[in-house]
Each structure stands twice: as C-alpha cells, then as structure tokens.
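Take a look at the structure set out below.
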Amino acid sequence: MNKIHATFENFEIENKMSMKDMAKNLHVSVATIRNWEREGLSLQNMELLKSSKLKSRANKLNKNSHDHSTLSNTIQIFLDNGMDGNEISIKYENSLSESYKNQEGIYYTPPYIVSDMLKNIQDIENLENKTFLDPCCGSGNFIIEAIKKGISPQNIYGFDLDVNAVKITKKRIYELTGYESENIHCVDFLSVANEYNQIFDFIFTNPPWGKKISKNIRDRFSKIYFSGNSNDTCALFYFACLQVLKKDGQIGFLLPESFFNIGSFENARESLLQLKINRLIDYGKPFKKLMTKAKSFIATKTPPNTNHTISSEIYDKNTITRKQLNFYNIPKHIINFNLSESENDVILHVLTKTHITLKNNAYWALGIVTGNNGILLPQKINDNYIQIFRGKDISPNKIDDSGLYIEQSFKNCQQVAPLEYYNAKNKIIYRFISDRIVCFYDTEQRYILNSANLLILKDDFPLSYQQLVDLLNSDFMNWFFKCVFSTHKVLRRDLETLPIWNEYFDNEQNFSEQSLLNYLNIEQYNGTYRLKIR
C-alpha cells in the first residue's frame, strides 16, 4: 500500500482500489470492510483489524478454501489415468472446501438418500424407455441410480455448471453401461429450461441450497418461471423443472428444511400442494458442518383427489399417513412432516374459532445490533451507560440481570430502532432465537439486543398487554407454534399469523391453561392435544 490513510473510503479513492480488491488483499469480505468503516476503524490500526470479531466472522467465507483450477487439473489427471469414476467422484466431493460449497449451494447427495428417493420408480411399467433428468447432476449420483433402476442411459439427461462434475458423470455412465452420453451438459439449467424442447417422465435432483447469486438474476428467473416471491435457487429450480415435466410425470427434490416452513417459500409450497404428493421424507442432518435438516418430497404432476393420502416419513424410523387435503388450510401452506391426523384436526379446529391476529395491530422493532458486543458492552457501569438485555435474559414472568451495559448514545452501533420504541411505557419483548415463544411484558423502558425483538400494541387492540403475553406464553400456543412453523426463530411474520382468541377473554379476565382448552374444546392427551371426545 502506498500510504496509510485515515479511512477505507479515502484509500479507495486515492489509490483507485475498489472495495472488492481491498477486501481480497485483507482476506475478508466487502461487507466486513463496510462494517469497519461504519465502526470508525482505520487502516492505521491493523492490530485492531486483526483482532476484530468482524474479521473473524468474515473470514469464515475463506475458511478451508481451495484452488479450483488446481483441483480441476488433478481431476483431469485422474480421468486421463483411468481411475474409477466412483472413486474420482468421492475424491472430488471431499476436496471441495466448505466456503465453495456454501457459495455454490453444493451438497452432494449421500447414496442412501438417492436410493431411498428413487426406490419406487422400478415399479413403473416400460421403465427402460422413460426419460430422466437431473438438472443439477453434480457427479451423477441420481443419474447412476436411475440407470441401475432400469432407465436406459440413452434416456438420461443432466445439467451442471461444474465442468469437473460433468466429466465425472459422463465417465461413470460409460463405466456402468459402455454408453458415451452426449446428454450431460455443462450449462446452467435455469438459463435454458424455458426454451428447452425435451420433456421428461422423471426429474429427481438436489438443487443448489441458497446459492449466492445477485438479486437481479433471481428476480429475472422468478419472472421467467412464475415463482412469485419464492426466488431462492431451490424454488427457482423447482418451478423451472415443472415446465419440462410431463403430465403424470414424477418429480423428487432434496431440500433444506426451510423450503417446507419458511415464509419466502410459500409460493413454492402452494404450487407443490396442487400436485399429488406421494412421499415426504425427513432425512435428519446428513451433511457435515451443515446444521439444517434435509427433507424431500416426491410428487406426481397431476391434481390430487380429495381422498389422496401422503406417506410422511422420518427416514429409517417411522411413517404416518396424512390426507393431502388437510395441508391446504394451514397458515402459509406450511408442510409439517410430523403431525398426526388427530393433531392436524386440532390445528384446523382452533383456526375455525373466532380470532384476530397481530397483523396490522401492532408496531414492531428489532433489538440493537452493536457489531461487536465484546467491545461495546462492558460488564460495568460507566458514565452515560445503561443496562441492556439479551434474549436469554427473558422469561415469561421476569427478566434476569444481564450484567451488560451500553453507551446511551448508541453512536457506534450498526442498527438501532427509533428510541421511542424502546422507551414505550408498555411493550412486549420476546426472544428471537428460540424454538418456543417466550414473551415478557415490559413497563420499565428496557433496551434489548438483537437476540430479542419487541412489539407495541395499537390503542384499539382488544386485549391487554398481560392477556396477550399470557396467551402467547401458554403451553397450547407454543404447541401450535411448533406444529405449524417448526422453526428455531420467532419471526414477526409468524407471530402475525397466530390466532388470538380475543373472545376467550370476554369471560376470563385472568388467563389459565385449562380454561383456554375448555374454550377451544380440546384436551391434553399423551403429551399432545386432541379434540374433546363427546
């Protein structure tokens, strides 16, 4: 660097170095550079940069990185020297860095999952002549299994952007069948599906999970494939595949759990429920270093009849049967794999009871984002500092002493809601990272970090703050929340969907769990709930 300057912005201007180049030189992300700029950190204090938690977080992007061109050369040597294609596939997958997998959304499907997803296609009549597509074929696991099940290799098609993966897939097909396939293409399927002339009897795949592509590209594909607000790469591939799937054809996708329960995938779930879903399978957490569950659907491109049932499975454990019709009225078309029919009946029943929701009935605000809690939250009281609370400090009936303090000006914080929200005379604060609803009625103008959020009721809301808190904290409401949303985050959009049975409080000034169940005409049974037996 020619000269040390006071700010990153000045350095960028005077040295004609882009933020991207600067980030590359410092081995961090562009977002980290911008965060440092916001925090007032400078290039003069390199020791501080080296110790900054922001840099530590950003460097996760580069952790275990690999040189892809060198890896490509190695794979080509393996191919040229006649190494077994299956062995090359395993070596290649194991050589991909976590940062590359995360960026590209690549998580190669374990063979036992591939086999399970395709286990029923061998029962199809005239299978050899059916056509099969994997639009994100990787090194060919689905394709090889489809051939083993009986589909002719001449009728197998695949797409992938990774030239190494395409080469490996072709080699594996040749070693298994002696057929040199010209139907495996190193092309982005999303770029060609809309104009592709071939249609398929079977489409099975594990699409990129949250691949990092620009919003403009996602929005463009969303318009092409009519995916609505579902524009994650998983959803885009799903909608694109529907366009090239034959009527009565089968489609199977391995997906992150979020596809089935997060609001941004609602349009995709709504579309899926118009197909005849044959199986839903929960495979747990098969991918190392990836916390999300992997789940799949297998469906037929035909409308289901009113009595159609779905096999809902936890892999290698238990299976329950569900009527597909019962999914339609669940909020946001969420597809919960584990609900029994009787539990589903409870959900649908309580939704028919007169209720309101928090949507358009409250003001919402996020907790404060400091960017560096270790530096900005001392554990002692200083002048002009006030106490601040975390999500884990919140309980239904109290808030624990956090022992943390923050400068009242909040000048170094990255995100602060308007102060009148924190200073409201009445507000509800709730844990954000949690698998259950934990709310507290705050009347002491407490400040919260972003592991908690808050809401303020509008003046005409028919319940008191305490009544609403009692209802939200109740065992039954938390059972409802877990059954419907099945998530580890308490999101505003989910809270806004919950039924608030305001008429219950017409005769019950003081909440009790049993009186709520009586009002709803349900009862506890074997650790869950069921409709009262008349």
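The values are calculated or read from the model by the stated rules, or taken from the named source; none is laboratory data. Since the structure is predicted, the reported quantities are computational estimates derived from the model, not experimental observations. Note that each Cβ is placed from the backbone with ideal geometry, even for glycine, and that neighbours are counted across all protein chains shown. The accessibility values were calculated without ligands, DNA or RNA, using every heavy atom of the protein model including side chains. Shrake-Rupley method; radii C 1.70, N 1.55, O 1.52, S 1.80 Å.
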Restricting attention to region 244-276, report how many residues are in a strand (DSSP E or B) and more than 26 Å from N197 (Cα to Cα). 2
With respect to N164, is the statement that it is of a type outside the set (D, E, K, R) and open to solvent by 30 Å² or more (accessible area, probe 1.4 Å) true? no
Of the candidates I388, I375, I399, the one satisfying the condition of being more than 19 Å from M477 (Cα to Cα), touching a Lys or Arg at 6+ places or on another chain (Cβ under 9 Å) and modelled with pLDDT under 90 is I375
Taking the options S191, S139, name whichever one is in a loop (DSSP other than H, G, I, E, B) and either under 16 Å from E93 (Cβ atoms) or not charged (D, E, K, R) (or both). S139
Number of positions in region 329-360 that are within 30 Å of I448 (Cβ to Cβ), in a helix (DSSP H, G or I) and among the charged types (D, E, K, R): 1
Single residue of region 165-187 satisfying the filter (touching a residue at least 12 places away in the same chain (Cβ under 8 Å) and not in a helix (DSSP H, G or I)) that is nearest to I75 (Cα to Cα): C186
So K295 clears everything in (1) assigned to a loop (DSSP other than H, G, I, E, B); (2) crowded, with 21+ Cβ neighbours inside 10 Å except one condition, right? Which one? (1)
Go through region 361-400 and count every residue that is in a loop (DSSP other than H, G, I, E, B) and either hydroxyl-bearing (S, T, Y) or in contact (Cβ under 8 Å) with a residue 12 or more places away in the chain (or both). 17
What residue, among those in region 107-126 that are touching a helix residue (DSSP H, G or I) at 6+ places or on another chain (Cβ under 7 Å) and among the hydrophobic types (A, V, I, L, M, F, W, C), is surrounded by the most Cβ atoms within 10 Å (Cβ to Cβ)? V114
Working only within region 405-418, note down all residues that are over 18 Å from D442 (Cβ atoms) and without any contact (Cβ under 8 Å) to a residue 40 or more places away in the chain. E407, S409, K411
How many residues does region 141-178 contain that are in contact with a strand residue (DSSP E or B) (Cβ under 8 Å, 6 or more places away or on another chain) and of a type in the set (S, T, N, Q)? 2
Could you tell me whether region 419-430 includes any residue that is part of a loop (DSSP other than H, G, I, E, B) and free of Cβ contacts under 8 Å to residues at least 24 places away in the same chain? yes
Select, from I224, I277, the only residue that is free of Cβ contacts under 8 Å to residues at least 60 places away in the same chain and more than 27 Å from T309 (Cα to Cα). I224
For region 119-131, indicate whether the set of residues that are within 25 Å of D188 (Cβ to Cβ), touching a Pro at 6+ places or on another chain (Cβ under 7 Å) and not in a helix (DSSP H, G or I) is non-empty. no
Single residue of region 505-534 satisfying the filter (farther than 30 Å from L366 by Cα and of a type in the set (F, W, Y)) that is least open to solvent (accessible area, probe 1.4 Å): Y529
Any idea which of (1) open to solvent by less than 30 Å² (accessible area, probe 1.4 Å); (2) closer than 15 Å to G252 by Cβ; (3) of a type in the set (A, V, I, L, M, F, W, C) is the one L190 doesn't satisfy? (2)
Matching residues in region 324-360 - criterion: being more than 14 Å from L520 (Cα to Cα), of a type in the set (D, E, K, R) and over 25 Å from the mean Cα position of the chain (by Cα): E341
Quickly run through region 193-210 and pick out the residues that are over 17 Å from F132 (Cα atoms) and either of a type in the set (D, E) or surrounded by 14 or more Cβ atoms within 10 Å (Cβ to Cβ) (or both). E195, P208, W209, G210
Cβ-Cβ below 6 Å, separation at least six or inter-chain, first residue in region 510-524 and over 13 Å from L468 (Cα atoms), second of a type in the set (K, R) and open to solvent by 50 Å² or more (accessible area, probe 1.4 Å): which pairs? N521/K532; E523/K532
Say whether the condition of being over 18 Å from G371 (Cα atoms), of a type outside the set (A, V, I, L, M, F, W, C), open to solvent by 20 Å² or more (accessible area, probe 1.4 Å) and within 26 Å of the chain's Cα centre (by Cα) is met by at least one residue in region 404-420. no
Of everything in region 308-328, what is free of Cβ contacts under 8 Å to residues at least 60 places away in the same chain, farther than 21 Å from V346 by Cβ and part of a loop (DSSP other than H, G, I, E, B)? Give them in sequence order. H308, D316, K317
All positions within region 211-224 that are open to solvent by less than 50 Å² (accessible area, probe 1.4 Å) and either part of a loop (DSSP other than H, G, I, E, B) or modelled with pLDDT under 90 (or both): K211, I213
Yes/no for V484 being touching a Lys or Arg at 6+ places or on another chain (Cβ under 7 Å) and within 30 Å of K295 (Cα to Cα): no
Counting just the residues of region 225-266 that are modelled with pLDDT of 95 or more and open to solvent by 10 Å² or more (accessible area, probe 1.4 Å), which one comes out nearest to I330 (Cα to Cα)? F239
